[in-house]
Amino acid sequence: MNLDFSIILKYLPYLLQAAGLTIELAVLGIAFGILIGLVAALLKISHTPLRFVAHFYIWLIRGTPLLVQLFLIYFGLPQLGITLSAFASSVLGLGINSGAYLAEVFRGGIEAIPVGQTEASSSLGMGKFLTMRRIIFPQALRIALPSLGNQFIISLKDSSLCSVITMSELLQTSQRFASVTFAPMEFYTAAAVLYLLMTTVLSAVLSSFEWRLSKENRTRGC
């Protein structure tokens, strides 16, 4: 077997462009997931009938593969008269999937806050919404930050599944060039290296942010 990794240089600009699209999918997907997850978490801890909707959503999404969810969105919804582009379907699928996991992350963070803080806020005349926005949620977000960062990395890697619905992200672009040049080892290795670089940089950024946040907490404690 003759390996020639120099061929990657010719197609590197296209691979980098596809990597940028991969990052865009992950960022939009996780942003959508945060919104869905926060709403689902608040509904789940509420005492309204809507908590059963949140329970069902989390149970359904966490119990089915992301690949199946993408197929249902991209190939299934058109049967119901709803046609979405590959990009919109990818963002929607990643957002809905990550939202189910983030809902549990946010719920855990909120429930980790001592009940006494809510009672103290109430005694000061603060309503439930104001208490959640100014007292509970900022602290819960700090607790949930490491898990939120991990979910971001997972979404970045999971975006490779969007290649099956014709999304020209990093994996599909690598597959296309591999089939044209008959150099699968070279292009799949290049894709793996790019994924590794993206997740490593993201992990470093998140670790730095968590360290700064921890430092601020220690300073305030002093």
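The values are calculated or read from the model by the stated rules, or taken from the named source; none is laboratory data. Since we're looking at a predicted model, the values are computed, not measured. Because the Cβ atoms are built from the backbone with ideal geometry, glycine has one as well, and the counts that use them run over all protein chains shown. Keep in mind that these areas ignore ligands, DNA and RNA; they rest on the heavy atoms of the full protein, side chains included. Shrake-Rupley method; radii C 1.70, N 1.55, O 1.52, S 1.80 Å.
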What helices does the chain have that are whole DSSP H segments, at least 24 Å long along their own axis by Cα, and with mean Kyte-Doolittle hydropathy of 1.6 or more?
7-44
Between Lys157 and Thr48, take the C-beta separation as r, use R0 = 35 Å, and let me know the FRET efficiency to the nearest 0.05.
0.45
At a Förster radius of 22 Å, what calculated FRET efficiency corresponds to the Cβ-Cβ distance of Gln79 and Val164, to the nearest 0.05?
0.75
So which aspartates and glutamates can Lys157 reach, going by Cα to Cα under 18 Å and dropping same-chain residues fewer than 8 places off?
Glu24, Glu169
Over the chain, give the accessible area per residue in Å² for a 1.4 Å probe, as an integer.
57 Å²
Point-to-point label distance, Leu141-Arg62, nm (Cα→Cβ direction, 7 Å offset):
2.4 nm
Taking the chain as a Gaussian network, where each spring joins two C-alpha atoms under 10 Å apart, which residue of Ile136, Ile36, Ile82 fluctuates the most?
Ile82
Helical mean residue ellipticity (222 nm; -39500 (n - 2.57) per DSSP H run of 4+; nearest 500) of the chain:
-26000 deg cm²/dmol
For Lys128, give me every one of the lysines with a C-alpha distance below 19 angstrom, ignoring sequence neighbours fewer than eight places off in its own chain.
Lys44
Which residue, Ile82, Ser6, Ile23, has the largest displacement toward the positive end of the dipole of segment 1-120 when charges sit on each Cβ (Lys, Arg +1; Asp, Glu -1)?
Ile82
Size of the dipole of the chain about the Cα centre, Lys and Arg at +1 and Asp and Glu at -1 on the beta carbon, nothing else charged, in debye to 20?
700 debye
Where the centroid of each part is defined by its Cα atoms, how far is segment 125-197 from segment 18-87 in Å?
14 Å
Of Ala40, Phe71, Ile96, which is farthest towards the positive pole of the chain's charge dipole, taken about the Cα centre with +1 and -1 on the beta-carbons of Lys, Arg and Asp, Glu respectively?
Ala40
Top positive-direction residue, dipole computed over segment 104-222 with Cβ charges, set Ile136, Leu206, Gln172
Ile136
For the chain, which whole-number percentage of the solvent-accessible area (1.4 Å probe, protein heavy atoms only) is attributable to carbon and sulfur atoms?
69 percent
